[in-house]
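The values are calculated or read from the model by the stated rules, or taken from the named source; none is laboratory data. All figures in this text were calculated on a predicted structure; none of them were measured in a lab. FYI the Cβ positions are ideal-geometry reconstructions off the backbone, even for glycines, and counts take in every protein chain you see. Surface areas here come from the heavy atoms of the whole protein model, side chains and all, with no ligands, DNA or RNA. Shrake-Rupley method; radii C 1.70, N 1.55, O 1.52, S 1.80 Å.
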Amino acid sequence: MTTLYERALRVFPPVASRATKLGIVRAEGCWVYDENGKAYLDFASGVAVTNTGHNHPAVVQRAAEQMRQMIHVGHNVFYYEPYVQLAERLVEVTGGDTKVYFSNSGAEANEGAVKLVQYVTGRPEVIAFAHSFHGRTLGSLALTGSNAAYRRMYETALRRVYFARYPKPAPGEDPEEAVRASLESINDLFELQVSPDRVAAIIVEPVQGEGGYVIPPRSFLEKLRGICDEHGILLIFDEVQTGFGRTGHLFAYQTFGVKPDILTLGKAIASGFPLSAVIARQDLMDRWPAGAHGGTFGGNPVSCAAGLATLDLLEGGLIDNARAMGNYLVAQLRESLAEFQEVYDVRGVGLMVAVEFRDPGSGAELSDMVKEILARCEQGGLILLSCGPGKTVVRFMPPLIVDKKDIDQAVQVFRDSVAAAVRSVN
Ligand SMILES: Cc1ncc(COP(=O)(O)O)c(C=O)c1O
């Protein structure tokens, strides 16, 4: 039998390559099933998208009902119930003093946010962070500092963005040291490269995703808020990956207790249907006039209906489960990996959990070992992805419906894979 992978090679360019060679024919809950009927625990969740699990019946029902009623009429042409209702819910859960603009992808939301801040401040410049990931379209790629390969050959098409340091405290290090170094890098930018009164916004992931599941001290985000307030700069939180329960609250800004002026959302917002949003303070949104931004598909009725079902499920217990299961996963990983010196750090917030590998002697990156661990996990029926500079961090982002049984199974497969990979190197 010709596999999906073999067929795909003929019709897709290398740029469309995948993390695995698996052809998947069915997905349900925390599980996906390949062409041979083999089951895999999916701790990648379509890259942090299926927070309610694959094909949650409530999402399927709401989307199917909407599909029968109306698939697309265009938010440029009409108003319709799920579009308005989802925006109402999002305003409510972000404090009541916000407004919403819907698009299709995280990259589009981030570009929308940059357009908004430039429009309302009249300032041209944006500060982002090294190792950030904000998307792949040219506008959002300009904000992305996680990998030179993403930017290579497109440099001249990217608008200039200034990059500051993101705080990544080493295990055992005083986290405030890392915060100080990061804030100093912003001060350096202000002194040497860009006057703060020309900066429209600072865009930051409250937890860096692609950059390595880096969890900053709360004081970093608090101080960032202070810097923005001092200079009339708007603060954008890119919550495309951290949003919708992933960090143990609906949004990471609630986890950290620091409110941005603008929030960008995507990925899990509609449990797998394409949808994203810019949510910003009302007074900012009210100064963004008709014609200044747009798009055809944003706020698609089926996506919005799925978004409503998603919010119901998250508020109906999944966020609490993310917090409880996240703590459990970190504890189980720490215990089961304690014997391996190659494990540099196990960290997590909610169900955004990471294991980082480094050579215990030299501190060098163990990219090949991580590749081997992921391949062995796949053989053992567990799907995980890597992240971070050098891809030395394994990230665990299971659906928020995950239970202890699934976690125990995943931790067992992971531990065995680490043990085998360590043995094969030594
Ligand atoms: C934090 C963050 N922002 C933006 C994006 C881009 O989202 P999309 O791929 O939907 O454009 C991603 C995707 O991984 C992300 O993790």
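For the range 336-345, filtering for residues that are open to solvent by 30 Å² or more (accessible area, probe 1.4 Å) and more than 16 Å from residue 171 (Cβ to Cβ) leaves 1. If you filter the range 259-274 down to residues that are under 14 Å from residue 48 (Cβ atoms) and part of a loop (DSSP other than H, G, I, E, B), you find that the one that is farthest from the ligand (Cβ to nearest atom) is 272. The single condition from (1) within 16 Å of the ligand (Cβ to nearest atom); (2) in a helix (DSSP H, G or I) that residue 91 fails is (1). Residues in the range 1-21 that are part of a loop (DSSP other than H, G, I, E, B) and open to solvent by 90 Å² or more (accessible area, probe 1.4 Å): 1, 12, 18, 21. Among the residues of the range 137-196, those that are within 16 Å of the ligand (Cβ to nearest atom) and part of a helix (DSSP H, G or I) comprise 138, 139, 140, 141, 149, 150, 151. In the range 280-318, the qualifying residues are those that are touching a residue at least 12 places away in the same chain (Cβ under 8 Å), more than 21 Å from the chain's Cα centre (by Cα) and in a helix (DSSP H, G or I), and the one that is farthest from residue 91 (Cα to Cα) is 302.
On the basis of being aliphatic (A, V, I, L, M) and touching a strand residue (DSSP E or B) at 6+ places or on another chain (Cβ under 7 Å), does residue 201 make the cut?
Yes: the conditions hold for residue 201.
The number of residues in the range 234-267 that are in contact with a Ser or Thr (Cβ under 8 Å, 6 or more places away or on another chain) and under 20 Å from residue 190 (Cβ atoms) comes to 2.
Any residue at all in the range 51-65 that's open to solvent by 40 Å² or more (accessible area, probe 1.4 Å) and in a loop (DSSP other than H, G, I, E, B)? Looking through the range 51-65, at least one residue is open to solvent by 40 Å² or more (accessible area, probe 1.4 Å) and in a loop (DSSP other than H, G, I, E, B).
Scanning the range 215-237 for residues that are open to solvent by 10 Å² or more (accessible area, probe 1.4 Å) and either within 16 Å of the ligand (Cβ to nearest atom) or of a type in the set (Lys, Arg) (or both) returns 215, 218, 223, 225. Taken over the range 66-93, the residue count meeting the criterion of being open to solvent by less than 90 Å² (accessible area, probe 1.4 Å) and of a type in the set (S, T, N, Q) is 2. Scanning the range 396-408 for residues that are open to solvent by less than 10 Å² (accessible area, probe 1.4 Å) and outside any loop (DSSP other than H, G, I, E, B), we see that the one that is nearest to residue 42 (Cα to Cα) is 396. Every condition in (1) surrounded by 22 or more Cβ atoms within 10 Å (Cβ to Cβ); (2) within 16 Å of the ligand (Cβ to nearest atom); (3) within 22 Å of residue 237 (Cα to Cα) is met by residue 348 except one, and the failing one is (2).
Figure legend. Inter-residue proximity from the range 16-34: first residues closer than 21 Å to residue 52 by Cα, second residues in a loop (DSSP other than H, G, I, E, B) and open to solvent by 90 Å² or more (accessible area, probe 1.4 Å), beta-carbon distance below 7 Å, spacing 6+ or different chains. Indicated pairs: 27/55; 28/55. Can you spot a residue in the range 136-153 that is open to solvent by 60 Å² or more (accessible area, probe 1.4 Å) and either touching a residue at least 24 places away in the same chain (Cβ under 8 Å) or touching an Asp or Glu at 6+ places or on another chain (Cβ under 8 Å) (or both)? The answer is yes; a qualifying residue exists. When restricted to residues that are assigned to a helix (DSSP H, G or I) and either among the charged types (D, E, K, R) or within 9 Å of the ligand (Cβ to nearest atom) (or both), the range 104-136 contains 7.
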